[in-house]
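Undergrad: This is the structure, below, for whatever I ask next.
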Amino acid sequence: MSIVKRLLSSPVITVTLAGSLGLMMWEVHQLRTSHVGITHSAPIWSGDRVAQVETIFTALNMKELDVPVDRAGSGGALTSLGKDLIVMTHEGGFFEVSGDEAVTLDIAPPPNGWETMLDFEEANPDYNFAHFYFRYNDVDVVDGKLIVSFTEWVEADNCYRTTLSTAPLNGTSADAVSISSDDWTILYATDPCLAPNPDGRAIQGHMAGGRFRVDDDGTLYLAAGDYAMDGTYSPVALSQDPDQMYGKVLAVDTATGEHRVLSQGHSNMQGIAFDADGRLWTVEHGRRGGDELNLIREGSDYGWPQVSLGTRYNKLPLPDTLDYGRHPEFQLPAYSWLPSVAVSSLAPVDDFHPAWDGDMLAGSLAGNSLFRIRTNGEGILFAERIPLGFRIRYVHQHGDTIALWTDQKKVLHLTVGEFDPSYQFAVAKIGDLGLSNRTAGAVETALDGCAECHGFGVLPSASAPSLGEVYGRKIAGLTDFDYSQSLSSVGGEWTREQLVAFLDNPQSVAQDTSMPDPALDDPEVINALVDILISLREQAE
């Protein structure tokens, strides 16, 4: 199971591995987490301190960087310019974020009509404009140009659309680039331009999609969302109308701006990427269930809003759905998340770690996680959930770093790290207990069984409480773990006597505990295990 490590302000704990492992010094920061992957509390790190995340095949070092944002809202994207990592915020700010602090860049975003939209809002107070949903959506560096997608308010017609604009890069590093608002040229804009909605939110900008990728031949693939114009929040469903360039994957020629429809029947695509074999994939928000990963096939219809593997947020079926809870007649998703995780962004992985290379990473907002996705031809072999405790808005590989942009306005840098050595310490400790070979072997076997569910460090485990500090800890005392009622009612701390009794027969201590009987019949083995647990605690003090 994945384990999230988060730093507190507590002192560094030094874990020493001795004996047959040799003398090795490890520094492990003491950590604590809220319910893993569900919520994220106040900022935990600052400066150069690093947290760690454990995945199935590798540990990840995770470093965070704050980015200043003035206007409330979320969105934005990441890209690379040479050795520089650039984040574009939802309001169009540009920062270099590969170092220890965010450096403001001399890049003005393309004009998006923000001020004239505010003028329209002031003159038409009956409209409900949600400013935090009006945003810049994606950015990339392509052939000496910066390309940005965004929601644009068109003053002449008092309407909005998704627009792609380009500006020439006059430098090869972020600090050498200078772009003014006059340097931008519109490459493509969706049509028709949409009138603001008089009912509900005037512009559902968070449903714009707007992510894009450019292939080696210069074709830009735009995931154009439907702005929630889907028959639920509007009278019409744009994604099923071939004349409406919304709810579509569009192929745009970056030389001419000419476009064609690649696929339709989409809702709010928050990610688009090519896999290692050149296949084009998108991730798409459903509503209450039904987030999708789709392999894009030219000419296909993915069914939205006539079919979905989810419901409306009020738990009612989608209007005019063909089959409640089914997905008939249209192209099936390659994978669907139930319940929804608010999947956002999609990026391929290459030359990062042998167990990850060739996979794709998808961010998750509601799930506060990454998903590592392994494709198998046109299907999905697995999707590994990696809880991080942040709303992941954007995923981008920058050299040997996986960079994440979060709704907490932080850039996270993930690099390959080392696994927590606490289990190895526990095994090495067996040699200090003066046990017979037979007993020592039985203790190691028991530790291996414990490791199926528990961690041995001070770090929270996703499946069972960590054993690193169990000795002396309040029974059922971790706030981020859901204990059985019977264990919660025991009271007191884990003493040697309580640990011996629990390992001998868990149900004798707490009748309804979810801890299975470990089938330890040898008192010498049980006492040796408790000795090791006490040693783990002592190392943490």
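The values are calculated or read from the model by the stated rules, or taken from the named source; none is laboratory data. Nothing here was measured: the structure is a model prediction, and the numbers come from that model. Positions of Cβ are generated from backbone atoms using ideal geometry, with glycine treated the same way; all protein chains shown enter the neighbour counts. What goes into the accessible areas is simple: the full protein's heavy atoms, side chains included, and nothing from ligands, DNA or RNA. Shrake-Rupley method; radii C 1.70, N 1.55, O 1.52, S 1.80 Å.
Undergrad: Treating cross-link reach as a plain straight distance, find the aspartates and glutamates whose alpha-carbon is under 13 Å from the alpha-carbon of Lys429, omitting any fewer than eight places away in the same chain.
TA: Glu444, Asp531, Glu538
Undergrad: Compute the long axis of helix 437-450 from its Cα atoms, compare it with the longest principal axis of the Cα atoms of the chain, and write down the angle in degrees, 0 to 90, nearest 10.
TA: 30
Undergrad: Follow-up. Could you work out, for the chain, what percent of all Cα-Cα pairs fall into each 20 Å distance bin, beginning at 0 Å and stopping at the bin that holds the largest distance?
TA: Each 20 Å bin holds this share of Cα pairs: 21, 47, 26, 7, 0.
Undergrad: Relative to a virtual label point 7 Å from the Cα of Asp243 in the Cα→beta-carbon direction, which members of segment 269-311 show backbone nitrogen distances below 20 Å?
TA: 305
Undergrad: Can you give the helix-only mean residue ellipticity at 222 nm for the chain, where every DSSP H stretch with n ≥ 4 adds -39500 (n - 2.57) and the sum goes over all residues, rounded to the nearest 500 deg cm²/dmol? The partial results should precede the final answer.
TA: Details: 7 runs with 66 residues, N = 541.
The per-residue figure over the chain is -3500 deg cm²/dmol.
Undergrad: Express the relative contact order of segment 297-345 as a whole percentage, based on alpha carbon pairs under 8 Å and six or more residues apart in sequence.
TA: Details: 47 pairs, mean separation 18.9, N = 49.
Taking the mean separation of contacting Cα pairs over the length of segment 297-345, I get 39 percent.
Undergrad: Shifting gears a bit: Take the cross-link list Lys63/Lys145; Lys63/Lys410; Lys63/Lys409 and give me the ones stretching past 19 Å between alpha-carbons.
TA: Details: Lys63/Lys145 30 Å; Lys63/Lys410 10 Å; Lys63/Lys409 14 Å.
Beyond 19 Å: Lys63/Lys145.
Undergrad: Starting from 0.36 nm per residue, how many nanometres of slack lie between Asp517 and Thr445 once their C-alpha separation is accounted for? Walk me through the numbers on the way to the answer.
TA: Numbers: separation 72, 0.36 × 72 = 25.92 nm, distance 1.48 nm.
Length difference between fully extended and current span is 24.4 nm.
Undergrad: How high is the relative contact order of the chain, in percent, with contacts defined as C-alpha pairs under 8 Å that are six or more residues apart? If you can, show how the numbers build up before the last one.
TA: Working: 1324 pairs, mean separation 68.7, N = 541.
The normalised contact order for the chain reaches 13 percent.
Undergrad: Hey, another quick one. With labels modelled as points extended 7 Å from the Cα through the Cβ direction, what inter-label distance (nm, one decimal) is found for Phe57 paired with Arg297?
TA: 2.8
Undergrad: What FRET efficiency comes out for the pair Val69/Glu497, r = Cβ-Cβ distance, R0 = 45 Å, nearest 0.05? All intermediate terms of the calculation are to be shown ahead of the outcome.
TA: Values: r = 54 Å, r/R0 = 1.20.
Plugging the Cβ-Cβ distance into 1/(1 + (r/R0)^6) gives 0.25.
Undergrad: Roll a 1.4 Å probe over the protein chains and send me the accessible area per residue for the chain in Å². Intermediate values should be presented prior to the final figure.
TA: Working: 22800 Å² over 541 residues.
Heavy-atom accessible area per residue stands at 42 Å².
Undergrad: Projected onto the charge dipole of the chain (+1 at Lys/Arg Cβ, -1 at Asp/Glu Cβ, origin at the Cα centre), which of Leu332, Asn112, Ala224 gives the Cα projection farthest towards the positive end?
TA: Looking along the dipole axis, the top candidate is Leu332.
Undergrad: Another question, if that's okay. Step by step: find N for segment 204-256, compute 2.2 N^0.38 Å, then divide the Cα radius of gyration by it. What's the final number? All intermediate terms of the calculation are to be shown ahead of the outcome.
TA: Working: Rg = 12.5 Å, N = 53, 2.2 N^0.38 = 9.9 Å.
For segment 204-256, the normalised Cα radius of gyration is 1.26.
Undergrad: At a probe radius of 1.4 Å, what is the per-residue accessible area of Ser486, in Å² to the nearest 10?
TA: 20
Undergrad: Counting only protein chains, not ligands or nucleic acids, how are Ser178, Ser336, Ser514 ordered by accessible area (probe 1.4 Å), most first? Let's see the in-between values first.
TA: Details: Ser178 50, Ser336 25, Ser514 100 Å².
In descending accessible area the options line up as Ser514, Ser178, Ser336.
Undergrad: Using the Karplus curve 6.51 cos²θ - 1.76 cosθ + 1.60 with θ = phi - 60°, what ³J(HN,Hα) values do you get for each residue of segment 249-257, in whole Hz, with x for Gly and Pro?
TA: Result, rounded to whole Hz: 9, 10, 9, 10, 6, 6, 8, 10, x.
Undergrad: Rounded to the nearest 10 degrees, what's the angle between the helix 114-123 long axis and the longest principal axis of the chain, both from Cα atoms, 0 to 90?
TA: Relative to the chain, helix 114-123 is tipped by roughly 70 degrees.
Undergrad: Report, to the nearest whole %, how much of the accessible area of segment 201-271 belongs to carbon and sulfur atoms, 1.4 Å probe, protein only.
TA: Numbers: 950 of 2200 Å².
The computed percentage sits at 43.
Undergrad: With every protein chain left in place and a probe of 1.4 Å, what is the accessible surface of Met207, to the nearest 10 Å²?
TA: 20
Undergrad: Further question: Going by accessible area, probe 1.4 Å, with all protein chains left in place, what is the ranking of Glu524, Glu101, largest first?
TA: On the way: Glu524 90, Glu101 125 Å².
The ordering from most to least exposed comes out as Glu101, Glu524.
Undergrad: So, one more: Looking at segment 306-370, which chymotrypsin sites (Phe, Trp or Tyr not before Pro) are DSSP coil and have at most 10 other C-beta atoms within 10 Å of their C-beta? Don't skip to the end; give the middle numbers.
TA: On the way: sites: Tyr313, Tyr324, Phe330, Tyr335, Trp337, Phe352, Trp356; in loops: Tyr313, Tyr324, Phe330, Phe352, Trp356.
Sparse-neighbourhood loop chymotrypsin sites (Phe, Trp or Tyr not before Pro): Tyr313.
Undergrad: Given R₀ = 51 Å, FRET efficiency for Asp320-Arg438 by Cβ-Cβ distance, to 0.05? Numbers along the way, then the final one.
TA: Values: r = 70 Å, r/R0 = 1.38.
Here the calculated transfer efficiency is 0.15.
Undergrad: In percent, how large is the relative contact order of segment 296-443, given Cα pairs closer than 8 Å and 6 or more residues apart?
TA: Values: 235 pairs, mean separation 19.1, N = 148.
Computed value for segment 296-443: 13 percent relative contact order.
Undergrad: Let me ask something else. Distances longer than 12 Å among the Cα atoms of segment 345-393: what percent of all pairs is that? The partial results should precede the final answer.
TA: Numbers: 729 of 1176 pairs.
I get 62 percent for the Cα pairs in segment 345-393 exceeding 12 Å.
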